[in-house]
Amino acid sequence: MEDWFAEAKKIIPGGVNSPVRAFGSVGGTPRFIREASGSRITDEEGRSYIDYMASWGPMLLGHGHPAVVAAIREAAGRGTSYGAPTRLEVEMAQRIVEAFGSIDQVRMVSSGTEATMTAIRLARGFTGRDRIIKFTGCYHGHADSLLVKAGSGVATLGIPGSPGIPGPLAELTIALPYNDTAAFQEAIRRYGSEVACVIVEPVAGNMGVVPARPGFLETLRETTREAAILLIFDEVITGFRVSYGGWQQACGITPDLTCLGKIIGGGLPVGALGGRREIMERLAPTGPVYQAGTLSGNPLAMAAGIATLDILKGADYAALEETTETLCRGLLDQFKGKGIPVRINRVASMFTLFFTDGEVTDFETASRSDTKRFARFFQGMLAAGVYLAPAQFEAVFVSFAHTREDIARTLEACEKALRTL
Ligand SMILES: *Cc1c(COP(=O)(O)O)cnc(C)c1O
């Protein structure tokens, strides 16, 4: 592992192709993964772990689901990219439109970042306004306008935005505290007529899991509608995870635009942007707002996505939630037994165990977590064969491949890890 990491660091910045993979906030050497199957991933030294990182969310069916792998193989046999329309793209769009009542039309892209970047360009083009509103600790990918007070790796690294983002562009992004209805209404009073869109993770997953308080999303919906501002739900994590139709189905609020990614690619690089027809038709070629992609709607990614969604359509989400709740209860009991203060925020099959004794409702309260203690916990779990995301401000993702035995083993691992805290 050390050898591979040393070699990687010479020729790849930090040895990784996405920063948080470098184990920066937990220390130690990142595991180089050789293969994965079901609930397990195996590193280059042959050590196997129960995986709760799920490739940061996509692997809701577990790794290498036979139907998904077969679909990819079959598609690959017919060539890997054409740069022309395909039947698979239509079949993918049909599934998304059917699952999301708010989506009349959908455009496929190759990452969540592309989806959100396009969504705000479209919102700006549609409204003719330049400002956007986001919430501190929400991560919407790394496009310039959205990398302002973001969560995920940015929170972990403590970078407020990033060098390379022009000040005048960042100034157009208004960052407000999550779950703070009063601050939002105040911002709308001041800037409302200049604001193109409000983008939000309807369940935040990138400052750790932080659910929207009752009334927060409702206020966003009512206020934006009155002010002719577009409401964008970034459901890149929550789409097809918290329910087949995302959080919007669970909470009954209809956004103007929705961003999807992660799960819809079945582990291949995909993103999507969908919404009301009159807005989506402003995209090129029907409209003037430009967006394009050489590999957009790639046949392998579409095949993997379609196979994934077709299994999820009949999946028992309630059972998955129950499995997750069993795990959370077991973890809480053990921490209570040891007298270590923690909070668990759980929504459906995603949760975060925060090392804090206070309620976690926004970025500020999440930031009170003891990240050093998390790092020790992470290392203890890893040593005991459980792979968590290597940072406090991330989610634990339970998949349909996790068995009761996996959960029991995870709790045994926790018992061991707790001895090292
Ligand atoms: C992961 C994520 C993105 C970015 O997706 P990429 O495919 O990594 O570019 C955007 N929004 C949310 C909520 C995410 O979790």
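The values are calculated or read from the model by the stated rules, or taken from the named source; none is laboratory data. Since the structure is predicted, the reported quantities are computational estimates derived from the model, not experimental observations. For neighbour counting, all protein chains shown are included, and Cβ atoms are generated from backbone atoms with ideal geometry for every residue, glycine included.
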Inset, instruction - For residues that are away from the ligand (no atom under 11 Å from the Cβ) and of a type in the set (D, E, K, R), scanning just the stretch 218-236, find the one that is surrounded by the most Cβ atoms within 10 Å (Cβ to Cβ). - result: R221
Legend entry - Only listed residue being surrounded by 24 or more Cβ atoms within 10 Å (Cβ to Cβ), over 20 Å from F351 (Cβ atoms) and either hydrophobic (A, V, I, L, M, F, W, C) or within 14 Å of the ligand (Cβ to nearest atom) (or both), chosen from V203, V195: V195
Legend entry - Residue under evaluation H140, criteria (1) modelled with pLDDT of 90 or more; (2) away from the ligand (no atom under 16 Å from the Cβ); (3) more than 16 Å from T361 (Cα to Cα), criterion not met: (2)
Inset, instruction - Kindly establish whether L146 is over 22 Å from E91 (Cβ atoms) and within 11 Å of the ligand (Cβ to nearest atom). - result: yes
Legend entry - Candidates G239, G215, G246 - the one that is out of contact with any Pro (no Cβ under 7 Å at 6 or more places or on another chain) and either within 11 Å of the ligand (Cβ to nearest atom) or among the hydrophobic types (A, V, I, L, M, F, W, C) (or both): G239
Legend entry - Looking only at the stretch 32-76, and only at residues there that are β-branched (V, I, T), touching a residue at least 12 places away in the same chain (Cβ under 8 Å) and farther than 20 Å from G380 by Cα, the one that is surrounded by the fewest Cβ atoms within 10 Å (Cβ to Cβ): I72
Inset, instruction - Kindly provide the set of residues from the stretch 192-222 that are among the charged types (D, E, K, R) and touching a residue at least 40 places away in the same chain (Cβ under 8 Å), ordered by number. - result: E194, E201, R213
Inset, instruction - Find the residue count for the stretch 164-179, including only residues that are part of a loop (DSSP other than H, G, I, E, B) and at negative phi. - result: 6
Inset, instruction - Please find, within the stretch 107-128, the residue that is nearest to R190 (Cα to Cα) out of those that are surrounded by 21 or more Cβ atoms within 10 Å (Cβ to Cβ) and more than 14 Å from the ligand (Cβ to nearest atom). - result: A123
Inset, instruction - Starting from the stretch 262-279, keep only residues that are touching a residue at least 60 places away in the same chain (Cβ under 8 Å), then list their pairs with residues that are of a type in the set (D, E, K, R) and within 11 Å of the ligand (Cβ to nearest atom) whose Cβ atoms are within a distance under 9 Å, requiring at least 6 positions of separation or different chains. - result: K262/R241; I263/R241; V270/K262; G271/E114; G271/K262; L273/E114
Inset, instruction - Answer yes or no: is there a residue in the stretch 240-256 that is in contact with a His (Cβ under 8 Å, 6 or more places away or on another chain), assigned by TED's automatic domain parsing to the domain that holds A123 and surrounded by 19 or more Cβ atoms within 10 Å (Cβ to Cβ). - result: no
